[in-house]
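Colleague: Provided herewith is a single structure, encoded as structure tokens, for subsequent inquiry.
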Amino acid sequence: MSQKTSFDSISATAVIHSNYQAPAGFSAFPSAIHHASTVLFKDVAAMRERRWQDKSAYTYGLHGTPTSFTLEARLAEIEQGKFCLLAPSGLAAIALVNMALLQAGDDVLLPENVYSPSRDLGDWLARSFGVSVRYYHPLIGAAISELLQPNTKLIWTEAPGSVSMEVPDIPAICAAAHAKNVLVALDNTWSAGIALPAFAHGVDIVMQALTKYQSGGSDVLMGAVITRDQALNLRLQAAHMRLGFGVGMDDVYLVLRNLDTLKLRFDAHDQSARKLATWLSTRPEIDTVLHPALASCPGHAIWVRDFTGAAGLFSVLVNARYSEAQTDCFVNSLKLFGIGFSWGGARSLCLPYRIQQMRSDWQHQGTLLRFNIGLEDADDLMADIAQALQLMQHC
């Protein structure tokens, strides 16, 4: 009869608790990914001494790990700010600013060309939270002073507008606002913190959708809020904590990985977009090209004065003789352009907008098409647009 061999089994405790520590001194270019919900403290005293507002130490995964702290610091450096908070999306970053700075009875001003979900958020604040929400023409400039009321707390700006592309006079708006102690927030997604030095022009808060150029891969949802003022940052931090906003460290790593090529990609998008925008301005099917670097775009002179570059996003107004069905046919006939929201990735996109339904002050006729010019060869994109315009004639 065979004798059974006995082995000592390892306990569950031994499986969980290991004495191994990886050797120190590892160095590599990529930032390490630190996942955590629970953050460990050396002792009770250390736990009691730490404050989640102080980013010199760690308290809880929701308030950050070395990975997210690194991304926040780098984004603040690129934007020439001091403090940065990450949010789950660009819209979440906008909501964070609104919730931190507005309460019932306050007034906020938004441009008529504001990002549509931001308009929906503003209307919700007015309908359900007792905030006065008013809209102004994006080219109002210094005249915005006439709209400011004693209860006005915040002015939102976009440079340029994400669909109709008007370029506002940010310094003039900021000067008028600050004269009456009103804060100015800028959606600076289009310039990626590269082409417009927002804080130098007087902006108090910069919001960016990192979903766009910082990610660059059309695969990450994330936003950022950047400031220079510590007191303002603490107000934003308090709202950030109360809203429970957090981001996944794997997504943070993807943005960090792509930051090194941000400037190169942005410049490549810019170069191709200007080439295509200039060519489209010569096409008989197109009435107006709304690209800030072209004189046909409202606010072009302000862009020349304030910006150092342009993004890959612009719009065109198709001649009114072409029906919506024909412009839809044009978009459907494109082979290298996807149909989808968002932008800033390597793949080109084209999207038609019923802008007359979005803006009551819109005076132009004809369909608006918005192009995101990706990183494909510009001549290939031009040929694709040309064949689709030809097909549009017969749709």
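The values are calculated or read from the model by the stated rules, or taken from the named source; none is laboratory data. Treat the numbers as computed from the prediction; the structure is a model and nothing was measured. Every residue, glycine as well, gets a Cβ built from its backbone with ideal geometry; the counts of neighbours run over all protein chains shown. Calculation scope for accessible area: heavy atoms of the full protein, side chains included, ligands and nucleic acids excluded. Shrake-Rupley method; radii C 1.70, N 1.55, O 1.52, S 1.80 Å.
Colleague: Any idea which of (1) in contact (Cβ under 8 Å) with a residue 60 or more places away in the chain; (2) within 20 Å of Trp343 (Cβ to Cβ); (3) not small (Gly, Ala, Ser) is the one Asn258 doesn't satisfy?
Modeller: It is condition (1) that Asn258 fails.
Residues are listed down the side, and each one gets a yes or a no for (1) in contact (Cβ under 8 Å) with a residue 60 or more places away in the chain; (2) open to solvent by 10 Å² or more (accessible area, probe 1.4 Å); (3) under 28 Å from Ala192 (Cα atoms); (4) among the hydroxyl-bearing types (Ser, Thr, Tyr):
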{"residue": "Ala320", "(1), (2), (3), (4)": "no, yes, no, no"}
{"residue": "Cys329", "(1), (2), (3), (4)": "yes, yes, no, no"}
{"residue": "Arg347", "(1), (2), (3), (4)": "yes, yes, yes, no"}
{"residue": "Tyr353", "(1), (2), (3), (4)": "yes, yes, yes, yes"}
{"residue": "Met358", "(1), (2), (3), (4)": "yes, yes, yes, no"}
{"residue": "Trp362", "(1), (2), (3), (4)": "yes, yes, yes, no"}
{"residue": "Leu369", "(1), (2), (3), (4)": "no, no, yes, no"}
{"residue": "Ile373", "(1), (2), (3), (4)": "yes, no, yes, no"}
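Colleague: Oh, and also: How many of the residues making up the stretch 375-395 are part of a loop (DSSP other than H, G, I, E, B) and open to solvent by less than 60 Å² (accessible area, probe 1.4 Å)? Give the steps one after another, and end with the answer.
Modeller: Taking the stretch 375-395 first, the residues part of a loop (DSSP other than H, G, I, E, B) are 375-377, 393-395.
With open to solvent by less than 60 Å² (accessible area, probe 1.4 Å) added as a condition, the list becomes 376.
The qualifying residues number 1.
Colleague: What's the number of the only condition in (1) open to solvent by 50 Å² or more (accessible area, probe 1.4 Å); (2) assigned to a loop (DSSP other than H, G, I, E, B) that Glu166 fails to meet?
Modeller: (1)
Colleague: Residue by residue through the stretch 96-130, note down the ones that are among the hydroxyl-bearing types (Ser, Thr, Tyr), part of a helix (DSSP H, G or I) and open to solvent by 10 Å² or more (accessible area, probe 1.4 Å). Reasoning before the result, please.
Modeller: Looking only at the stretch 96-130, we keep the residues that are among the hydroxyl-bearing types (Ser, Thr, Tyr), and these are 115-116, 118, 128.
Add one more test, that the residue is part of a helix (DSSP H, G or I), and what stays is 116, 118, 128.
Selection gives Ser116, Ser128.
Colleague: Right, another one. Could you say whether any residue in the stretch 297-312 is in a loop (DSSP other than H, G, I, E, B) and open to solvent by 40 Å² or more (accessible area, probe 1.4 Å)? Please lay out each step first, then the result.
Modeller: The initial filter retains those residues of the stretch 297-312 that are in a loop (DSSP other than H, G, I, E, B), namely 297-299, 307-312.
Those still in the list that are open to solvent by 40 Å² or more (accessible area, probe 1.4 Å) too: 298, 308.
Checking the stretch 297-312: at least one residue is in a loop (DSSP other than H, G, I, E, B) and open to solvent by 40 Å² or more (accessible area, probe 1.4 Å).
Colleague: Free of Cβ contacts under 8 Å to residues at least 60 places away in the same chain, in contact with a strand residue (DSSP E or B) (Cβ under 7 Å, 6 or more places away or on another chain) and in a loop (DSSP other than H, G, I, E, B): does that describe Val203?
Modeller: Values: free of Cβ contacts under 8 Å to residues at least 60 places away in the same chain: yes; in contact with a strand residue (DSSP E or B) (Cβ under 7 Å, 6 or more places away or on another chain): yes; in a loop (DSSP other than H, G, I, E, B): yes.
Taking the combined requirement at face value, the residue satisfies it.
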